[in-house]
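The values are calculated or read from the model by the stated rules, or taken from the named source; none is laboratory data. In this text the structure is predicted, and so the values were computed from the model without any measurement. When we count neighbours, we look across all protein chains shown, and the Cβ atoms used for this are built from the backbone with ideal geometry, even at glycine. Accessible surface is based on the protein model in full, side chains and every heavy atom, while ligands, DNA and RNA are left aside. Shrake-Rupley method; radii C 1.70, N 1.55, O 1.52, S 1.80 Å.
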Amino acid sequence: MLFSRYYSSIFLIAGILCGVGLATVHAQGRTQRATYVTRLEAAQLLLKRSNKIIPNLVSEGEYPDVIDGEPYTKYVLYAAKIGMWEPDPSINRLRPHKLITRGEYLKMLATVFLLPLNLDYDFKDVQPEDWSNPFAGIAQRYSLFYDPRDPNRLRAELPITHEEAATALFALFAQRVDLRPPQRIRIYRVVYENTDDSRAQGEEPDRDMLHSYMTVTSRNQIRDSLQQEKGDEKSNADIIQDEIIAAVNRERAKENLSPLAPNMALRYTAILHAKDMYQNGYFSHYSPEGRSFIDRIKESGYTDVDPIECGCKQVLVAPTGEDTRDEIRPDYVEYSRNVCQCQPKFALGENLAKGQLTPEEVVRDWMNSEGHRRNILQPSFTEMGVGIFRDLWVQNFGNFELVLP
């Protein structure tokens, strides 16, 4: 994919591994796509609403992809125990982060709430030999996933969104009042201690110890120095990133593409995004605040023009008409910027994954997904950073060039 010589750059946006779709970036706002339900989310939703007492089960290595001590562990293990889904027979994994379909959700509903199977239905797209056949009648009996525009199709293989999962569950409860869990109200007594209106006070800074320095050191010189300083001291995260970069470069070598180099700014944004997704319970290129990987990478300074290399002052806001971004299609954005006669060109991309256990496994899964493979084999990229937090993997790609006048 070619850059125009001076004014254009490309953001390459990958779909999320495990099924969340492409995110569309707009100049004046963002269109948020639907998010889809995973096995562990469905297990938690249905088991909690069933009012069942869930024992504190542990995997103890029986299922390598289920981590003991996580909040979802007992729900996933109990779901497998009662047959909400079956483990992968070849590698004995429960795939808790795998997206589920309408048919799979109907099976889960039937298993948890003991719904009758093999009910009559009129869906033309469910055949007697289909695995979803025993559960299709549940959708028709309780009007689940009903689409007035296409009432004779269930589309059992369609991924189910969070909104559809909740709507279907409460549609079932509306017709089967006996399945509704009892409502409990908890009343907490709050006791306030008398603090005599005292408040903790922060320490006053020692003004005599504050100093200011000025330097002509280039931003890039600082970055290169920090990368060199890390040198031989490699943490486990460093080793994992090196293994992923090596695996990615092997795939690129097969296509006669230049290898990617590690970059600290890209790695930093990847680590922060992986941690933020885990702590705030989402899995998306977009944060709950609406920030995309483009925003995160730009905020790291990766796309900033170095004023010393450019030979002019940094321009934070371009004059009107000199900073534009045009939408071409959902995964292609042209960005042009005129900064003191220096023309920055950059390409950015991101891959996400969840639930993999090794660098080899996550790279293999990325390569087996068209959108992620396209990023890994994108000729425009020259650098990469990897962030891992718990079972979340983030791979940020970049390329930055400065065309001097």
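Points worth noting:
- Looking only at residues in segment 94-122 that are aromatic (Phe, Trp, Tyr) and closer than 20 Å to Val76 by Cβ, the one that is surrounded by the fewest Cβ atoms within 10 Å (Cβ to Cβ) is Phe113.
- Flag for Ile91 being open to solvent by less than 20 Å² (accessible area, probe 1.4 Å) and either more than 16 Å from Leu46 (Cβ to Cβ) or over 30 Å from the mean Cα position of the chain (by Cα) (or both): no
- From the options Leu46, Leu40, residue that is of a type in the set (A, V, I, L, M), touching a His at 6+ places or on another chain (Cβ under 8 Å) and open to solvent by less than 60 Å² (accessible area, probe 1.4 Å): Leu40
- Of all residues in segment 265-286, those that are in contact (Cβ under 8 Å) with a residue 24 or more places away in the chain have Cβ atoms under 6 Å from Cβ atoms of residues that are open to solvent by 70 Å² or more (accessible area, probe 1.4 Å), 6 or more apart or on another chain, in Tyr278/Arg390.
- Residue in segment 339-347 that is basic (Lys, Arg) and modelled with pLDDT under 85 present: yes
- Where a residue in segment 55-78 is closer than 23 Å to Gln279 by Cβ and free of Cβ contacts under 8 Å to residues at least 12 places away in the same chain and its partner, wherever it lies, is open to solvent by 70 Å² or more (accessible area, probe 1.4 Å) and not polar (S, T, N, Q), with Cβ under 7 Å and at least six apart: Asp68/Val58; Asp68/Glu60
- Complete set of residues in segment 254-285 that are in a loop (DSSP other than H, G, I, E, B) and either touching a strand residue (DSSP E or B) at 6+ places or on another chain (Cβ under 7 Å) or among the polar types (S, T, N, Q) (or both): Asn256, Ser258, Leu260, Asn263, Phe283, Ser284, His285
- Within the option set Ala136, Ala166, being part of a helix (DSSP H, G or I), open to solvent by 30 Å² or more (accessible area, probe 1.4 Å) and not charged (D, E, K, R) holds for one residue only, Ala166.
- For beta carbons closer than 7 Å, sequence separation of 6+ or different chains, a first residue in segment 153-167 that is under 13 Å from Ala139 (Cβ atoms) and a second that is at pLDDT 90 or above and open to solvent by 80 Å² or more (accessible area, probe 1.4 Å), the qualifying pairs are Arg153/Lys124.
- Within segment 355-374, the set of residues being buried (at least 23 other Cβ atoms within 10 Å of the Cβ) and either modelled with pLDDT of 90 or more or in contact with a strand residue (DSSP E or B) (Cβ under 6 Å, 6 or more places away or on another chain) (or both) comprises Val362, Val363, Trp366, His372.
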